[in-house]
Amino acid sequence: MLEQLFGSVTRVKLFRLFFSNPDQPYFVRELTRKINQRINSVRQELNNLEEMGIVETRESKRKKYYTLKKDFPLYPELKSLMLKAQVMLEKNFTRAISQLGKISFLVLTGQFVGRKDIATDLLLVGQVNRQKLSRLMKKFQEYFDHDINYTIMTVKEFEYRRQLTDRFLFQVLENKKIVVVDKLRKSKKP
């Protein structure tokens, strides 16, 4: 949808990356690797964004670095649009995962909630086709512009680790998260 709105896949990928990391400076080859686009199209879009005043440049050690210009007049609106597009993408992502098998518990954490210190981005409890899940993760990693670390457990393993107060599991459960599916809690109610 954003590609149609902005007219360029490269520009949308640059927007996603810049608005996900608004303080991070990037040089051209780094951007090319991160968004998996050709260097000429990245340079062209960076020139366009610089002319519009959306990004600014600075040189350091013979490299030109690009950063998002936060005082750009449309910055709040563009940030809001990127956030809304991210939410829609996450909904499509979780819907696709939910269709892969019998899921009892599914949470988004880690990078999905802005916590890079959490060891996993997605915790899935249940039975799924692992090959299909792996292919789905690879597909969506392109859109999220980062690797998605995920953990799969059976219900039995989840309950066992919860009873042991497993450090990894409690880090996920006790921190900020988005609960997508929780059939475990429902099944325990009388």
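The values are calculated or read from the model by the stated rules, or taken from the named source; none is laboratory data. Owing to the predicted nature of the structure, the values given are computational and were not obtained by experimental measurement. Note that each Cβ is placed from the backbone with ideal geometry, even for glycine, and that neighbours are counted across all protein chains shown.
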Enumeration of residues in the range 55-74 that are within 22 Å of the chain's Cα centre (by Cα) and in contact (Cβ under 8 Å) with a residue 24 or more places away in the chain: VAL55, TYR66, THR67, LEU68, LYS70
Criterion violated by LYS102 - all others in (1) of a type in the set (Lys, Arg); (2) closer than 21 Å to THR151 by Cβ; (3) under 21 Å from the mean Cα position of the chain (by Cα) satisfied: (3)
Close pairs from the range 122-151: first farther than 15 Å from GLU90 by Cβ and among the β-branched types (Val, Ile, Thr), partner at pLDDT 90 or above and part of a helix (DSSP H, G or I), Cβ under 6 Å, at least 6 apart: VAL125/VAL155; VAL125/PHE158
